[in-house]
Structure formats: C-alpha cells, structure tokens
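Undergrad: Okay, handing you the structure first.
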Amino acid sequence: MQTCVYMSNCRIQAAVGNAKKGSISVKRLYETLAPEGCIINGVITAEEELAAHLKEFWKENHLAVNNVCLVLHSSQFMSKTFQVPAMNVKKTLEYIPREFPGVSEAGGSVYGYYEIDTDKKKGMREVFATRMEREFLDSYTRLFASIGVKVTCVRAALGSVVSVLHRMAYFKDRTCILQIQDEDNLTSILMHQGKYCYSSMNRTFSEHGTPSYGVEVARNISGILQFASAQKLENAVTDVTWAGFSEGDIQVCSESLLQMDNTLRAGSFMDDSIIRSKEEDFGSYLFPICGLILLEDAGNLFIQYKKTSERSLKRKSLMKQLTPVILLLLVMLVITGFFGVHYWLTSRKLEEVRSYNESPEVLEQSARYDEVEAQMQWEQMQKAALMKAARNIESYPYFNSSITDVIESCTMGEVTFSIKSFDAQTGVISVDTAAPDVEIINQFIDRLEEKDIFERLDYTGYTWSDESGMWTINLVCYLSEMAGK
C-alpha cells in the first residue's frame, strides 16, 4: 500500500491505496486542517507548529512512516510542455533546464517530467516538465524527518493530475476545462483533444457558495477561453468539469457560466475507468489520489533532489578525483596479479621439472646417457684417428707396375734400367740406368722429368763401365702424391 500526502495550504489530505494495470485503487482518504498560517501556497512558514500537527495526524490515522509520497502544489513551481528528442531519462533531465531560460540557478533547482505523447516516426516526445527550488524541498525534507516519516517520492500535484487525465476515457479526444478547488486556490487545466494544453493557478477572494464566487470562477473560465481562442485551437471548448466543489459552489458557478456562455456543458468530476474508490466525493482528493499512479522515476523529484544534493555533488566530485587513482590501482593490481600468477605457474613448472629430473628412473637414464655419450665420444675419436691415418696413407704414392711402365716408356729401347730400392715413407725410388751414349741418358732423364708421377729427379755423375761398354748413372726419383693411383 502506498501513502500519498498532498500539501499546499492549510487543508492537508492523505490517500492510501495502490496502483496497478493503469488504474488506482483507493482504500482510505484522510483530511486535516493545519493551524492557520503554518503553510501558505506550499511555503512552510511555521515548521515546528506544522510538525506537531502532522505528528498527531499521523498518529490518529495510523499512517505509514516509510515510503511516503509527497504531492506538492504551489504557484512558485514552473511548469510547461514542450517536445524533446527521444532520449533516456538522464539525457532528458539534462536537456530540460534549457527550456526554462532566465531562471536563476543560484539556490539550485530540481527538475522532473511526465511523458504526454510520443511520435515514433519523428523520434520526438512531448513532456510536461516541472521546476522546483531546492530550498523549497529542503523545508519539507526537514519537516518530515523531524516527525520520523521517511519520504521517498515527491511529485508536482499538477503533473500527477495531468498524467492521470491522459489515461481517463472521459477526457479522450475531448476539448474541455477541468477546475480543481483547494480552499481558496483554483487550479484550471485546459485539455485539447484529450491532451494537456494549458494550466493556471489562481486565488479566489469571494465567499464560497455566493453568486460572487460563481462570477469569479466564470471569469477564470473566460480567461482560459480567450487563451484558447488566441492559440487558434482546432476544436472549441465544449465542457467544464469541477473537482472538489461543494454542491453550493457548483450551483452558483453553473448559473454564472450559463449567463456567460450557454453552449458550455458543466458538471462534477466523475470517473470510474481509472480511479476506483468507495468515497463518493473522491474528486475533492484528486491531488493525493493522482499521486498514487505508477510513473517513471523521471517524475519523482525526490530522486533528482537526492542526486543533486550537496553531499551527492561532493561525493561525485570526490569520485572524479579518486577515479584516476582507483583506475591506476586497479591496473597495478592487474599487473601484479598477472606477474604473481606467472611466477606461481613458472615455479610450479620448475618444481615439476626438478621432481622429474631427481626421480630414480631419470637419474638412471641420465647415467646411462652419460655412459653412452662417453662411449660415442671415444668411438668418434677412434674414427677420426682412423680417418686421419687413412688420409695419411692415401697421401703416400703407390709403387706398382704403372711406375715401371712409365720408366720403360721413357727408355725408347735405348736405355737399360734397374730399380734398386723404394722408400714408401719418402716415396723415393733409386734407379740405375745404362746407355752407350751419355746424350741418350740425358734425353731419357728429360723425358722422365716431363712425367707427372715425379716431383723431381736427382742423379750423380756418369760412370764408364769397361765390362758392359756403357755409361751408367744412378737416378733418385721422388714420386708425386698421385703416383701409382
């Protein structure tokens, strides 16, 4: 159950009920008259006296002390309708102050709005926006805190009524005037084709139920009709509906209206499509009842009030200053965490490797590997030594028949020779030669020197042999590396 309290002048009203599926179910209605002069036009002038009266009012009627909704009404509020681009609540609230030019923000302002209509094709919305002074709400916050009542919602009375009127079947497509009486305050709302168009709040000075009061109300209606005419509205006003008027007031107002314009239909406010109440005269409680309707947070001025409070602004400023530090700390924590995890994973892997390396099986395999590696190194050394020996052996010249064949070919059948010795280590052949003529031996030596199998030839002097009748000479032949291969 929701409790809504309406405050504007001495008459304070409370409505207890709930809203669901676009309707309002009213369970109980309460009313009290505050001491004279405690509250005037919504402005609290005697806070302590008013607090004592409200505390007693709460106690007598056993009203809820938590989640209370305040519905406030004052001519000091500024309200207007205009179109805004289809944006979210935050951006819309940031945009609304532009529509209130020339307003001093020295003391701070609180804004709220109700959505009236949406044009999806154009991406625009029509809203009913309200502006309140922060100091105005400060006084109500202190007042209810002093009596132990927790306020969680503050709504502009006019905005709440307008939001409900747009849901009522009676006002659909109708061009009419709704007047709500609250003691000497008269609130007039002009609806054009079922949509809010204009409103005014005036104070009446005539005594209720007198012809002069009827004339005063009729004059107010006349002023609204003149406004409608100046706006060149498509449809003319056809009906006037009164809420909160006594039977005597309705009678004198109807007579004055008939004299002014006999084409207008007039009657008491009646609606059972949205508001469901056992009270016959629920129109007198229209402001607190309309406060029960479910609306978006954009219409709750208390939320905007809390968000823009000095403490909230200081908190936001502090958060702006702390945000870079917090972000830096978060980055450092992430980096530290990354390296910490990396260190832990690396340590874990190293421990696994250490455990693996120190296992008996691995140690045995490692010893076997070292043994095999030593054996392989020894074999490699042996292989290298053998290969070196083979290269050395292969570098020595071979003494075979090919050598003697070459020597034989150089004799040309004129020189005889005999091989005396061969030194394999030095590749030296000792050859004795003989010929009848020294010149033949010289030619033989020249032909040998031309052969590739010899590096060089050394020889001693010639010797004459009487026995053979020939000249002899000993040749020392140095074979080349490729000789005999």
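The values are calculated or read from the model by the stated rules, or taken from the named source; none is laboratory data. Every value quoted in this text rests on a predicted model; they were computed, and no experiment measured them. Note that each Cβ is placed from the backbone with ideal geometry, even for glycine, and that neighbours are counted across all protein chains shown.
Undergrad: What do you reckon, is residue 245 part of a loop (DSSP other than H, G, I, E, B) and either touching a strand residue (DSSP E or B) at 6+ places or on another chain (Cβ under 6 Å) or closer than 18 Å to residue 194 by Cβ (or both)?
TA: On the way: part of a loop (DSSP other than H, G, I, E, B): yes; either touching a strand residue (DSSP E or B) at 6+ places or on another chain (Cβ under 6 Å) or closer than 18 Å to residue 194 by Cβ (or both): yes.
Taking the combined requirement at face value, the residue satisfies it.
Undergrad: Please determine, by comparing only the residues of region 202-226 that are in contact with a helix residue (DSSP H, G or I) (Cβ under 8 Å, 6 or more places away or on another chain) and among the hydrophobic types (A, V, I, L, M, F, W, C), which one is farthest from residue 255 (Cα to Cα). Explain how you work it out, then say what you get.
TA: Within region 202-226, the first condition is being in contact with a helix residue (DSSP H, G or I) (Cβ under 8 Å, 6 or more places away or on another chain), and the residues that meet it are 202, 204-211, 213-215, 217-218, 221-222.
Right, trim to among the hydrophobic types (A, V, I, L, M, F, W, C) and you get 205, 215, 217-218, 221.
Numbers: 205: 19, 215: 9, 217: 11, 218: 9, 221: 13 Å.
The residue in question is 205.
Undergrad: Additional query: Does at least one position in region 65-74 carry a residue that is within 37 Å of the chain's Cα centre (by Cα), more than 25 Å from residue 150 (Cα to Cα) and either among the hydrophobic types (A, V, I, L, M, F, W, C) or in the same structural domain as residue 124 (by the TED database) (or both)?
TA: No, every residue in region 65-74 fails to be within 37 Å of the chain's Cα centre (by Cα), more than 25 Å from residue 150 (Cα to Cα) and either among the hydrophobic types (A, V, I, L, M, F, W, C) or in the same structural domain as residue 124 (by the TED database) (or both).
Undergrad: Can you tell me which condition residue 464 does not meet? The list is (1) in contact (Cβ under 8 Å) with a residue 24 or more places away in the chain; (2) over 30 Å from residue 391 (Cα atoms), and all the others hold.
TA: (1)
Undergrad: Now for a separate question. Looking only at region 149-188, count how many residues are among the hydroxyl-bearing types (Ser, Thr, Tyr), outside the structural domain of residue 303 (by the TED database) and either over 19 Å from residue 271 (Cβ atoms) or without any contact (Cβ under 8 Å) to a residue 60 or more places away in the chain (or both).
TA: So the answer is 1.
Undergrad: Also: Between residues in region 114-126 that are in a strand (DSSP E or B) and residues that are among the β-branched types (Val, Ile, Thr), which pairs lie under 6 Å by C-beta distance while being six or more apart or on different chains?
TA: As it stands, the answer is 115/127; 125/84; 125/118; 126/116, since those pairs meet every condition given.
Undergrad: Okay, next question. Would you mind finding the one in 216, 296, 247 that is within 22 Å of residue 158 (Cα to Cα), acidic (Asp, Glu) and more than 56 Å from the chain's Cα centre (by Cα)? Outline the logic, then answer.
TA: Values: 296 fails: more than 56 Å from the chain's Cα centre (by Cα); 247 fails: within 22 Å of residue 158 (Cα to Cα).
Only one candidate qualifies: 216.
Undergrad: Looking at region 267-383, what helices (runs of 4 or more DSSP H) fall wholly within it and have at least 2 residues that are farther than 30 Å from residue 127 by Cα and modelled with pLDDT of 85 or more? Walk me through it before giving the result.
TA: Values: elements: 286-290, 301-307, 310-357.
Qualifying helices (runs of 4 or more DSSP H): 310-357.
Undergrad: Does region 144-165 hold any residues that are assigned to a loop (DSSP other than H, G, I, E, B) and surrounded by 19 or more Cβ atoms within 10 Å (Cβ to Cβ), and which are they?
TA: The initial filter retains those residues of region 144-165 that are assigned to a loop (DSSP other than H, G, I, E, B), namely 147-150.
Passing the criteria: only 149.
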